[in-house]
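The values are calculated or read from the model by the stated rules, or taken from the named source; none is laboratory data. A quick note: this is a predicted structure, and the numbers were derived from the prediction, not measured. Accessible surface areas use protein heavy atoms only, side chains included; no ligands, DNA or RNA. Shrake-Rupley method; radii C 1.70, N 1.55, O 1.52, S 1.80 Å.
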Amino acid sequence: MCTYIHKSRVNSFLLTFTYGFGMDKYSSPISYFWGALCTLLGALSLNDIAMIIGILLSIATFIINWIYRRRDFLHKKKLREEYYAKYNQDNNRRDL
């Protein structure tokens, strides 16, 4: 029985071993990241994890509220400036 190996697979195989381009370049940092994450989570109790999640959610809530309040303030400031510009323009016409 004869097996056929596609030329691109042979080329990628040769590139991997010749120049060091391979999945090991990407899989090694990913596995180290997950290993470190599992180690950290294994060292923490459920109370610690709940406290960390609570702190992160509080910070996220603060940031989201700050963004929307700033956006609302700038919108109201723009409306106020447009109103006063129109009001001053109408007063200038009346003075003449």
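Among the residues that make up region 26-49, is at least one of them among the β-branched types (Val, Ile, Thr), in a helix (DSSP H, G or I) and at pLDDT 90 or above? Steps first, please.
At the first step, the residues of region 26-49 found to be among the β-branched types (Val, Ile, Thr) are 30, 39, 49.
Of the ones still in play, those that are also in a helix (DSSP H, G or I) are 30, 39, 49.
After this cut, where a residue has to be at pLDDT 90 or above as well, the list is none.
No, every residue in region 26-49 fails to be among the β-branched types (Val, Ile, Thr), in a helix (DSSP H, G or I) and at pLDDT 90 or above.
Please verify whether region 73-95 includes one or more residues that are at pLDDT below 90, open to solvent by 90 Å² or more (accessible area, probe 1.4 Å) and outside any helix (DSSP H, G or I).
For region 73-95, residues at pLDDT below 90, open to solvent by 90 Å² or more (accessible area, probe 1.4 Å) and outside any helix (DSSP H, G or I): absent.
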